[in-house]
């Protein structure tokens, strides 16, 4: 377990639901990855992210999928690409990422509460 945090620490992490609109290959990345365009609703808009999720997902599987992302991290340069949000997931027994998703459709931009 990580260091214990308080409620104020948790409130700083802005976890939102977004729908993946577009998926592109990312051959410039060190590890296999996709470039994602994700719609986080009208208040946040469409953000881009790099995600190392090629083991469990094809590009076709991902379009239209709702995921949970952190939208208030600073931009991070990965090769020639700027990632604007962090897509969340869990590592399987081989270290490959399985995306965090929602069980039912919710509005893009909905905040985890």
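Values quoted throughout were computed directly from the atomic coordinates according to the rules given, and no laboratory measurement underlies them. Since the structure is predicted, the reported quantities are computational estimates derived from the model, not experimental observations. Counting neighbours? That spans all protein chains shown, and the Cβs are built from the backbone with ideal geometry, glycine included.
Could you let me know the centre-to-centre spacing of region 1-45 and region 48-81, using Cα atoms, in angstrom? Their Cα centres are 7 Å away from one another.
Taking label points 7 Å from Cα along the Cα-to-Cβ direction, residue 25 and residue 65 give a separation of 1.9 nm. Each principal axis of the chain carries a Cα extent, and these read 39, 34, 28 Å when sorted largest first. Sequence-distant contacts, meaning Cα pairs under 8 Å at least 6 residues apart, place the relative contact order of the chain at 30 percent. With a Förster radius of 25 Å applied to the beta-carbon distance between residue 13 and residue 77, the computed FRET efficiency rounds to 0.70. Residue ranges 72-82, 13-23 sort as 13-23, 72-82 when ordered by packing (mean number of other C-beta atoms within 10 Å per residue, highest first).
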